[in-house]
Amino acid sequence: MPKRSIYDLNVKDKRLFVRVDFNVPLNAGQISDDTRIRSALPTLKYALEQGASLVIASHLGRPQGERRREFSLRPIAIRLNELLGQPVTFATDCVGPDALQAIEHSGQNGVTLLENLRFHKEEEANDPVFSASLASLADCYVNDAFGSAHRAHASTTGIVPHVTDAATGLLLARELKYLGALLDNPTRPFTAILGGSKVSGKLEIIKNLLPRVDTLLVGGAMSYTFFKARGLSTGRSLVEPDLVNATRQIEKEAKTHRVNLVLPCDHLVTTALQADASHENLDVEATGIGDRLGVDIGPKTQQAYANIIKESATVVWNGPMGIFEISPFSSGTLAVAMAVAASNGTTVVGGGDSVSAVGQMGIAHQITHISTGGGASLEFLGGRTLPGVEALPNS
Ligand code: ADP
Ligand code: MG
């Protein structure tokens, strides 16, 4: 059931409370990456064009319910002012008289940015009184913070029953559209590429995707637990002994669902986790890994995965193929990124490190949808309902 969207709201002359994700990286008070602020602009601009007054709220970092200067949203108000090209009034508190005064000062069709929601412990505790105080600042509510939708906090769920109308912002709607389509009606053939650090963090996603995909390509550290289960030598590679049985189960389920589950056929092994350590490509069936560790998929695997990606109509990718942070170990991730970018199908990339890899490689614009969600994207793909989405009315 689709959720009510900002397009369904009448916001003219209304005060609109917009929950955004302005949890940007700060370096000595300077914003080092303003992508998250830019991502919210379409929703904010649309609401302003419709004649709304905006009351914008976000968390920043983990101030643990305390007012801490280094987590103030004040620098973000300045950047938002520049990006929107209109004045932004900064409220030194997100509730109470300071908030109200700032909102009144910003006036009709104005913009107010509230101070960090998490300066109040009631935010994360989803306190009903605090939720009502937030709601009292506005008439309607829009949630555009997909990255916080997996948490039931005052500003993501508690506030909703206290406002006259609520909806998704454009960013959240887009996330639900693309991630939802992967689970509900993917165009086939549908390929999932899963990598990254651990099987344990990805078990739910694997289980939820298996009945839906045609092919599952495995890479990254996760492969080694599968290799262990198959009796291959893994050296000092990252293996999760507790999950060896889980991978056997996954292989069984893949057969039941007739999923083509593909593991790397070759890999890059190194003597140490350093760029200058000696390394070489080995077939995974080969003996001789010794006490070295596997840190990337090899060239044969890269080619095989690229061919499958090319033939796919829908591709979802989460988790780097290797330790891409160390440049000699990044070619597998780069090859997969290039193949996904070159695909004519619908392509979706999710997960903090995968998204940052795609950004570093300069191919973000060639991906159909890059999920901004981090943990929320992974929970969604794992089949969990997100409280911040649940709380919003259906259209
Ligand atoms: P995402 O944030 O995209 O969901 P993860 O957090 O699951 O991805 O995994 C990312 C991390 O996995 C990266 O820091 C990368 O170095 C690590 N990784 C990938 N392959 C290996 C490997 N073979 N051995 C150890 N770590 C790996
Ligand atoms: Mg990660």
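Say whether the condition of being within 16 Å of ligand 2 (Cβ to nearest atom) and assigned to a helix (DSSP H, G or I) is met by at least one residue in segment 362-375. Write out each step before concluding.
Looking only at segment 362-375, we keep the residues that are within 16 Å of ligand 2 (Cβ to nearest atom), and these are 370-375.
This time we only want the ones that are assigned to a helix (DSSP H, G or I), so: 375.
Yes: one or more hits.
In segment 309-321, which residue that is crowded, with 18+ Cβ neighbours inside 10 Å and more than 19 Å from the chain's Cα centre (by Cα) is farthest from ligand 1 (Cβ to nearest atom)? Across segment 309-321, the extreme among qualifying residues is SER312.
Residue by residue, here is whether (1) touching a helix residue (DSSP H, G or I) at 6+ places or on another chain (Cβ under 7 Å); (2) surrounded by 24 or more Cβ atoms within 10 Å (Cβ to Cβ); (3) more than 28 Å from TYR141 (Cα to Cα) holds:
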| residue | (1), (2), (3) |
| --- | --- |
| VAL160 | no, no, no |
| GLY169 | yes, yes, no |
| PHE190 | no, no, yes |
| GLY201 | no, no, yes |
| LEU217 | yes, yes, yes |
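Hey, could you check segment 346-395 for residues that are surrounded by 18 or more Cβ atoms within 10 Å (Cβ to Cβ) and of a type in the set (Ser, Thr, Tyr) and say which is farthest from the chain's Cα centre (by Cα)? The extreme case among them is THR346.
If you go through segment 203-215 and keep only what is within 16 Å of ligand 2 (Cβ to nearest atom) and surrounded by fewer than 23 Cβ atoms within 10 Å (Cβ to Cβ), you end up with LEU203, GLU204.
When ILE206 is tested against (1) over 26 Å from GLN302 (Cβ atoms); (2) in contact with a strand residue (DSSP E or B) (Cβ under 9 Å, 6 or more places away or on another chain), just one condition goes unmet, and that condition is (1).
Can you say whether THR385 is more than 16 Å from ligand 2 (Cβ to nearest atom), within 21 Å of ALA173 (Cβ to Cβ), of a type in the set (S, T, N, Q) and free of Cβ contacts under 8 Å to residues at least 24 places away in the same chain, as far as the supplied structure shows? Here the answer is yes, as THR385 does meet what is asked.
In segment 11-33, which residue that is acidic (Asp, Glu) and out of contact with any Phe, Trp or Tyr (no Cβ under 9 Å at 6 or more places or on another chain) is modelled with the lowest pLDDT? Among them, the one singled out is ASP33. Against the numbered list (1) in contact with a Ser or Thr (Cβ under 8 Å, 6 or more places away or on another chain); (2) within 16 Å of ligand 2 (Cβ to nearest atom); (3) in contact (Cβ under 8 Å) with a residue 60 or more places away in the chain, TYR178 comes up short only at (2). Listed by first and then second residue, the pairs linking a residue in segment 359-377 that is over 17 Å from GLY345 (Cβ atoms) to a residue that is at pLDDT below 95 and surrounded by fewer than 18 Cβ atoms within 10 Å (Cβ to Cβ), with Cβ atoms under 6 Å apart and 6 or more places separating them unless they lie on different chains, are GLY374/GLY352.
One line per residue, one yes/no per condition, for (1) in contact with a strand residue (DSSP E or B) (Cβ under 9 Å, 6 or more places away or on another chain); (2) under 17 Å from HIS120 (Cα atoms); (3) in a strand (DSSP E or B):
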site: VAL18; (1), (2), (3): yes, no, yes
site: ALA40; (1), (2), (3): yes, no, no
site: TYR46; (1), (2), (3): no, no, no
site: GLY51; (1), (2), (3): no, no, no
site: LEU54; (1), (2), (3): yes, no, yes
site: LEU60; (1), (2), (3): yes, yes, no
site: GLY65; (1), (2), (3): no, yes, no
site: ARG79; (1), (2), (3): yes, no, no
site: THR89; (1), (2), (3): yes, no, yes
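Every residue in segment 216-235 that is of a type in the set (A, V, I, L, M, F, W, C) and within 16 Å of ligand 2 (Cβ to nearest atom), please.
Correct list: ALA221, MET222.
The set of residues from segment 237-258 being surrounded by fewer than 17 Cβ atoms within 10 Å (Cβ to Cβ) and assigned to a loop (DSSP other than H, G, I, E, B) comprises HIS257, ARG258.
Go through segment 208-220 and give me each residue that's within 12 Å of ligand 1 (Cβ to nearest atom) and in contact (Cβ under 8 Å) with a residue 60 or more places away in the chain. The answer is GLY219, GLY220. Criterion first (away from ligand 2 (no atom under 13 Å from the Cβ), out of contact with any strand residue (DSSP E or B) (no Cβ under 6 Å at 6 or more places or on another chain) and under 25 Å from ASP266 (Cα atoms)) does ALA357 satisfy it? Considered against the rule, which asks whether it is away from ligand 2 (no atom under 13 Å from the Cβ), out of contact with any strand residue (DSSP E or B) (no Cβ under 6 Å at 6 or more places or on another chain) and under 25 Å from ASP266 (Cα atoms), ALA357 comes out as no.
Here is a yes/no grid of residues against (1) within 15 Å of ligand 1 (Cβ to nearest atom); (2) basic (Lys, Arg); (3) under 16 Å from the mean Cα position of the chain (by Cα); (4) assigned to a helix (DSSP H, G or I):
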{"position": "THR156", "(1), (2), (3), (4)": "no, no, no, yes"}
{"position": "ALA167", "(1), (2), (3), (4)": "no, no, no, no"}
{"position": "LEU171", "(1), (2), (3), (4)": "no, no, yes, yes"}
{"position": "LEU182", "(1), (2), (3), (4)": "no, no, yes, yes"}
{"position": "THR187", "(1), (2), (3), (4)": "no, no, no, no"}
{"position": "ILE206", "(1), (2), (3), (4)": "yes, no, no, yes"}
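For TYR305, the conditions (1) under 30 Å from HIS153 (Cα atoms); (2) in contact with a Leu (Cβ under 9 Å, 6 or more places away or on another chain) are fulfilled apart from (1).
Of all residues in segment 208-239, those satisfying the criterion of being of a type in the set (Val, Ile, Thr) and within 22 Å of the chain's Cα centre (by Cα) are VAL213, VAL218.
The values are calculated or read from the model by the stated rules, or taken from the named source; none is laboratory data. Just so you know, these numbers come straight off a predicted model, no measurement behind them. Please note: Cβ atoms are built from the backbone with ideal geometry, for glycine as well, and neighbour counts cover all protein chains shown.
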